[in-house]
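Scroll down for the structure; my scribbles are underneath it.
The values are calculated or read from the model by the stated rules, or taken from the named source; none is laboratory data. Source: prediction; values computed, not measured. No Cβ is skipped: glycine too gets one built from the backbone with ideal geometry, and neighbour counts run over all protein chains shown. Side chains are part of the model used for accessible areas, which takes the heavy atoms of the whole protein and leaves out ligands, DNA and RNA. Shrake-Rupley method; radii C 1.70, N 1.55, O 1.52, S 1.80 Å.
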Amino acid sequence: MLCYATQASQSAELKGVGRSQKTLQLAIRPSSLTPHPSPLISQPLENVPAGKVNSSLLILHSSLFTLNSSLFTLHLMRALLPLIFFATFYLGSSIYAGDFYKIPITVAFMLTSVVAIIVSRGSLKHRFNVFSRGAGSSNLLLMIWIFILAGTFSSSAKEMGSVNEVVNLTLSILPASMVLPGLFLAAAVISLSIGTSVGTIVALMPIAVGIAQILYEPLGFTAAIVVGGAFFGDNLSFISDTTVCATQSQGCRMSDKFRTNIRIAAPAAIIAFVVYAFMSHSVENANTVPTVNPFKVLPYLVVLVTAIMGLNVLIVLVIGTMLCGIIGMLYGDYSFISWMMVMGKGIMGMGELIIVTMLAGGVLETIRANGGIRYLMNRIMKHVSSPRSAELSIAALVSVTDLCTANNTVAIITVSGIAKDISNRFSLDPRRVASILDTFSCIMQGIIPYGAQMLMGGALAGINPIEIIPHLYYPYLLCLFALGDIVLRPRKQVKYDSAEA
């Protein structure tokens with residue numbers, strides 16, 4: 001319409017045709033844009049200088065374009081409102097209550113889900129369909145299967161005494177002052193071997209809880225040791241999903257990415273290990289360690305060995321649960337019926353975790369469908385002007401995307417194409433780009449309270465995931481070293497041969 005009005009005004013300028021006046025008045029409706037008729041429109045077109053007509057039309061076009069852009073930006077910002085509401089409500093309510101652990105995270109996500117559906121566009125049925133698509137995605141349902149089997153295994157192992165036996169074995173081998181740093185080291189090695197942080201947390205968190213109870217350490221502290229160590233391997237392992245996605249998308253070899261990544265991760269892990277050792281140097285065993293029953297250690301030993309061998313985590317948990325049941329019945333710890341009841345109790349204990357996971361999946365899918373992630377990406381891209389800012393923008397993109405998806409693998413897949421374009425434009429080293437994608441996605445995934453790892457850790461430890469966050473020394477150190485490597489590292493041109501990648 002604006003283009004047509006401009007053509008009409010040019011015709012009026014040349015020929016003075018009265019029809020153009022009608023066209024101009026049609027294009028610029030005082031009733032819809034201004035409260036009173038414009039002086040320009042209220043007088044005959046032939047009495048108005050041609051330059052003033054063109055100038056007014058340009059101003060109108062610019063104003064309408066700005067209005068349209070503002071409305072579009074407002075819509076995209078509205079897409080992020082659920083995330084803003086969650087952070088504001090949870091933080092504000094916790095401050096008001098005077099305790100960050102009093103507000104149930106299930107209630108916070110329930111209210112956030114309501115906000116997400118309200119601010120979405122389309123019919124009510126369409127909004128619920130979008131939400132349900134996220135809450136019932138295949139990746140999320142697979143995670144729920146892991147939660148259910150983890151509940152059966154952990155409750156079965158605890159009831160038949162396997163957890164206590166493993167803790168006693170650990171305390172009999174290591175001095176008390178080295179148990180906590182040893183726990184971090186074990187989490188790092190296991191996650192590096194199996195390539196999954198969730199599997200590592202499932203295997204080690206019950207042991208960490210037992211150690212915390214014997215050594216009188218806060219549960220949030222020992223849980224954070226396991227979660228932090230689990231992300232060391234998630235970031236570096238050759239068989240981790242994040243490593244595969246990052247290297248394949250940027251066209252570099254896994255070994256090259258590992259060498260680039262380890263220079264950042266190793267110093268952070270070493271410092272975290274030293275910090276844990278320093279903080280526990282005065283820890284002493286509360287009691288004499290009893291004799292260990294090797295048969296009751298067997299379920300955990302089998303779980304760790306089969307996981308390191310690369311067996312699927314679902315199969316690993318089924319094997320571990322079956323061993324717990326057989327050994328527990330042989331030693332009279334429970335009958336077949338009571339074992340069923342123990343497993344049912346373990347599954348019910350995962351109920352809150354499953355509810356939060358599904359609500360979070362629905363909220364994050366709503367944000368994605370409404371363009372919230374795209375809006376954040378566009379805002380970040382505006383600040384890219386140099387190789388250093390390009391690397392920082394890639395780190396910000398994958399971090400923000402993980403914040404909105406709560407899945408580091410999905411975050412890498414989402415921004416990998418943009419990261420590749422930025423890399424080509426500023427001649428970045430593909431090894432560094434792959435390392436940045438993997439590292440910062442793991443950092444963000446390791447500290448958000450609604451990520452699968454934090455929810456799993458909190459559920460197995462019986463605490464609010466918020467209690468874990470203050471003690472996540474390794475992710476914080478990793479973030480510090482990763483940012484320092486981008487900001488302080490000297491720039492140099494590197495030609496990378498990806499022919500063998």
Name, by its number, the condition in (1) over 23 Å from Thr200 (Cβ atoms); (2) surrounded by 14 or more Cβ atoms within 10 Å (Cβ to Cβ); (3) among the β-branched types (Val, Ile, Thr) that does not hold for Val303.
-> (1)
Given (1) modelled with pLDDT under 85; (2) over 30 Å from Leu111 (Cβ atoms), where does Gly372 come up short, assuming only one miss?
-> (2)
Would you mind finding the one in Ser191, Ser154 that is among the polar types (S, T, N, Q), touching a Gly at 6+ places or on another chain (Cβ under 7 Å) and open to solvent by 10 Å² or more (accessible area, probe 1.4 Å)?
-> Ser154
Gly325 versus (1) open to solvent by 40 Å² or more (accessible area, probe 1.4 Å); (2) out of contact with any Asp or Glu (no Cβ under 9 Å at 6 or more places or on another chain): which is the lone unmet condition?
-> (1)
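Against the definition (closer than 30 Å to Ala187 by Cβ, assigned to a helix (DSSP H, G or I) and open to solvent by 50 Å² or more (accessible area, probe 1.4 Å)), how does Arg431 come out, yes or no? Quick ask: steps written out before the conclusion?
On the way: closer than 30 Å to Ala187 by Cβ: yes; assigned to a helix (DSSP H, G or I): yes; open to solvent by 50 Å² or more (accessible area, probe 1.4 Å): yes.
So Arg431 fits the description; yes.
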If you check Val114 against the conditions, is it open to solvent by 60 Å² or more (accessible area, probe 1.4 Å) and either under 20 Å from Arg78 (Cα atoms) or of a type in the set (Phe, Trp, Tyr) (or both)?
-> yes
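Residue under question is Gly228, and the condition is that it be within 17 Å of the chain's Cα centre (by Cα), open to solvent by less than 10 Å² (accessible area, probe 1.4 Å) and touching a residue at least 60 places away in the same chain (Cβ under 8 Å); does it hold?
Details: within 17 Å of the chain's Cα centre (by Cα): yes; open to solvent by less than 10 Å² (accessible area, probe 1.4 Å): yes; touching a residue at least 60 places away in the same chain (Cβ under 8 Å): yes.
Here the answer is yes, as Gly228 does meet what is asked.
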Would you check which residues across the stretch 133-151 are open to solvent by 70 Å² or more (accessible area, probe 1.4 Å) and either part of a loop (DSSP other than H, G, I, E, B) or not aliphatic (A, V, I, L, M) (or both) and list them?
-> Arg133, Ser138, Asn139, Trp145
When you go through (1) open to solvent by 40 Å² or more (accessible area, probe 1.4 Å); (2) in contact with a Leu (Cβ under 8 Å, 6 or more places away or on another chain); (3) closer than 24 Å to Gly446 by Cβ one by one for Ile214, which number turns out not to apply?
-> (3)
Subset tally (residues that are in a helix (DSSP H, G or I) and surrounded by fewer than 18 Cβ atoms within 10 Å (Cβ to Cβ)) for the stretch 120-132 = 6
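Among the residues of the stretch 256-282 satisfying the criterion of being part of a loop (DSSP other than H, G, I, E, B) and open to solvent by 20 Å² or more (accessible area, probe 1.4 Å), which is farthest from Ser435 (Cα to Cα)?
Taking the stretch 256-282 as the starting set, the residues that turn out to be part of a loop (DSSP other than H, G, I, E, B) are 280-282.
Pick out the ones that are also open to solvent by 20 Å² or more (accessible area, probe 1.4 Å) and you get 281-282.
On the way: His281: 34, Ser282: 37 Å.
My answer is Ser282.
From the set of residues in the stretch 235-255 that are in contact (Cβ under 8 Å) with a residue 40 or more places away in the chain, open to solvent by 10 Å² or more (accessible area, probe 1.4 Å) and part of a helix (DSSP H, G or I), which is nearest to Gly446 (Cα to Cα)?
Going through the stretch 235-255, the residues in contact (Cβ under 8 Å) with a residue 40 or more places away in the chain turn out to be 235-243, 245-247, 249-253.
The next check asks that each one be open to solvent by 10 Å² or more (accessible area, probe 1.4 Å); those that pass are 238-239, 241, 245, 249, 251, 253.
Among the residues that remain, those that are also part of a helix (DSSP H, G or I) are: 241, 245, 249.
Values: Asp241: 15, Cys245: 18, Ser249: 22 Å.
Top of the filtered list is Asp241.
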So is Arg374 among the basic types (Lys, Arg) and touching an Asp or Glu at 6+ places or on another chain (Cβ under 9 Å) or not?
-> no
